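None of the figures in this text is laboratory data; all of them are computed from the coordinates on show. Bear in mind that the values here come from a model prediction, so they are computed numbers and not experimental data. Ideal geometry is used to build each Cβ from the backbone, glycine not excepted, and the neighbour counts take in all protein chains shown.
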Amino acid sequence: MQLSRKIAGEFAAVFLIGAVVGGLVVWDFAANTELKQFMTKMNDSDSVMVDRINKKYVTDYHLTPDEIAQIQPIVKEMAQRMSHIRHQFGIDIISSYADYHTQIAEKLTPEHRAAYEKASSERKKQLSDLLMLDQNPSDTGAK
């Protein structure tokens, strides 16, 4: 009787461990997917951002077409400025990482340094792709 309880306990433990590991995998996937969706949304063109802002103002504040027309220059300037800030944020993040990675690489042995620099280069490319730094902030609005 005791042997069957032990087997049942081990069987339950295996499923519990599997559920925890599965949950962590799903959580990691969801976090990465959400980050990519967030960054993609944040890197929309100025016109997409302006459209999204206009829709929000009409829905949330019930603005009339005349009121929307009056605030358009401000909304366009805001969208352009946010695009520029996001782009600069990405450049600053990558620059900071590069500085620290260089300092760390200097402390490593040559064989470790080569592997570290390769991995750092790959992470830099992934981060650059995620932040969409190959795109310049657009100039759709006048300042």
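Couple of notes before you dig in:
- Potential lengthening between L127 and S45 on full extension [0.36 nm per residue; Cα-Cα distance subtracted]: 27.6 nm
- Charge dipole of the range 84-123 (Cα centre as origin; +1 on each Lys and Arg Cβ, -1 on each Asp and Glu Cβ, all else neutral): 100 debye, rounded to the nearest 20.
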